[in-house]
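Structure first, commentary second.
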Amino acid sequence: MWNWIRDIEDAITPLLQRSFGVRCVHCRQQMAENRLSLCQDCYIELPQVIRAIRLESPYLKGAWCMGTYRSPMGSLIRKGKYASQQGMFIQLAEMLAGAALDLPAFDAVISVPLPEQRMRTRGFNQSALLAQHVASMLDLPHHQILFRVDNAEQAAKSLVDRGVMLTGRFEVRPHFEKGFSPPKILLVDDVFTTGATAESCALELLNLGVQEVWVLALVSGK
């Protein structure tokens, strides 16, 4: 399914560019041709490898990302999310999966669930798309084990609000409650900001008996 979505976008985009012209989603410079909605200068800034995120957390063993939220990659994420462009995230997922080959060994990949309202309006969970590609590249199972209890949007919260509440935001799907405790989990999301979302997920997983939770994101706000 993902391939035909991207094929349609690849066929239509050049026609629109030639007819109307487009602007780079990051620097806003007008351009005749582009890759991933970026001008050539911004496209070559896209990272190819992951880097460690500095954090202090009692629940997370460590975290990695590819770029920063204010970078061209961050602009692609915003366009993909707020214009509901699934094809954009499929391409970003392929980039993240390739970079994930540098990671240590894990036992399973888990994605961060979306609020129900956002899932209905957007039509897809970008974190799940990313996690599926990463899991496939690493030959690991991908589980959508968590569901969201607190359905408030993170983007609408202040940084203080994001950092305060850890418990009660996520729960484990009932059929996973017994016998699911892979030792080492890779939690995948699109953006890592304060770490509050990842810590809330990790807390539920640790309560199941998981030993270590690590995070992989496209970009970090840090």
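We did not get these values from a lab; they are worked out from the coordinates using the rules stated. Keep in mind the model is a prediction, meaning the values are calculated, not measured. Glycine also receives a Cβ, built like all others from the backbone with ideal geometry; neighbour counts cover every protein chain displayed.
A few comments on the model shown:
- Here the stretch 47-220 is assigned +1 on the Cβ of each Lys and Arg and -1 on the Cβ of each Asp and Glu. Its dipole about the Cα centre then comes out at about 500 debye.
- Cβ-based charge dipole, the stretch 47-220, positive-most Cα from GLY195, SER181, GLY123: GLY123
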